[in-house]
1. Pull up all non-local amide H partners of Ala215: gap of 5 or more, or a different chain, and H-to-H distance under 5 Å with H placed in the peptide plane.
2. Under the rule that an exposed site lies in a DSSP loop and has at most 11 other Cβ atoms within 10 Å, name the longest stretch of the chain with no trypsin sites (Lys or Arg not before Pro) of that kind, not counting the sites themselves.
3. Could you tell me the calculated FRET efficiency between Thr14 and Arg149, based on Cβ-Cβ distance and R0 = 45 angstrom, to the nearest 0.05?
4. Once amide H atoms are built 1.01 Å from N in the peptide plane, which residues 5 or more positions from Ala186, or in another chain, come under 5 Å H to H?
5. How about Lys28: which lysines have a C-alpha closer than 26 Å to its C-alpha, ignoring those fewer than 8 places off in the same chain?
6. Which of Tyr175, Tyr4, Tyr251, Tyr212 has the fewest other C-beta atoms within 10 Å, and how do the rest follow up to the most?
7. GNM on the chain, C-alpha springs below 10 Å: top fluctuator among Glu153, Glu254, Glu54?
8. As a test of the formula, what do you get for the chain when each DSSP H run with n ≥ 4 contributes -39,500 (n - 2.57) and the sum is divided by the residue count, at 222 nm and rounded to the nearest 500 deg cm²/dmol?
Amino acid sequence: MAVYTHVEPDDLATLVARYDIGTVVSCKGIAEGVENSNFLLETTGGRFILTLYEKRVSEGDLPFFVDLLGHLASQNCPVPAMIRDRNGVAIQQISGRAACVIQFLAGISLTQPTPAQCEATGAALGAMHRALEGYTGARANSMGHAHWRAVAEATGDLDAVLPGLQSTVDQELAYLDAHWPSDLPAHVIHADLFPDNVLMLGDRVTGLIDFYFAASDFRAYDLVITHASWAFSADGKHCDPARAEALMRGYAREIALSDAEVAALPLLARGASLRFLLTRAHDWVHTPADALVTRKDPSPFLARLQRYSASDAASLFAVG
């Protein structure tokens, strides 16, 4: 359950009274999200999500996220609006935490997406990228290529996580440092568009959510993160060609990648796999046994890294 901070009923009533959303009917903690405390807030005016921002989300970054979501909503992207109070304020304080009241979007997150759902997600990602081409906001990617070595070092003994992992990571970091591109098309990206951050009704995308890793980086890097999380089996050992091709086909309806981007996809996918391998390994080592959040196994992203490193990796991104 992703609820780290308790909200007192009187404090909640005071917060809701600042808005034109009615009065509180109920407020229940929900499991979605692992970085923040999330509640399903029902008022006489409707349903909302109340998010309290915990330590991994800097309060100083919140104005960027509010502005980003406002921009995407203005471009008709299916993102949740940050609700503003009567004074036009979106970022509040409650229970010692920064907080936002956020629009509730209908839909469910998938665990076994179909090719049609992958295609819809690819198209939604491409449309989001088009909407961001002229966006002037920016945020440094604290989980980008420049930071992976520091994450590896902060993790400690990688071999204690998976046998032989230290050597694999050292070799991969050296390879990526030597070959990482510098001049691909870039703008703000989502950077974490896993299936649990997409809401769907049938084959229709109804929501792109959880933008708290959004940052400035290559758009093709965002695409390979989505490819790695939507096209593979849960253990990371099998890339489903139908799902992969559908995702790429949907994206291609919205964005025509440059030749340089297409050539870089396997390399970028190796980087994306390493990024999630390292952050999961770090959390595996440093998350206390009694923590509320469940640690995620890093090994599926080691398997993805190995697949993207194969000589035929470019075929994983083909559009038939």
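A short reminder: the numbers here are calculations on the coordinates, not readings from a lab. Here the structure is a predicted model, which means the values were calculated and not measured. Neighbour counts are summed over all protein chains in view; Cβ atoms, including those assigned to glycine, are modelled from backbone coordinates with ideal geometry.
1. Ile189
2. Details: sites that count: Lys55, Arg56, Arg86.
Here the longest segment lacking exposed loop sites spans 87-320.
3. On the way: r = 46 Å, r/R0 = 1.02.
Efficiency, rounded to the nearest 0.05: 0.45.
4. Arg219
5. Lys28 reaches Lys55, Lys296.
6. On the way: Tyr175 15, Tyr4 18, Tyr251 29, Tyr212 21.
Starting with the residue having the fewest Cβ neighbours, the order is Tyr175, Tyr4, Tyr212, Tyr251.
7. Glu153
8. Numbers: 9 runs with 126 residues, N = 320.
Theoretical 222 nm ellipticity from helices: -12500 deg cm²/dmol.
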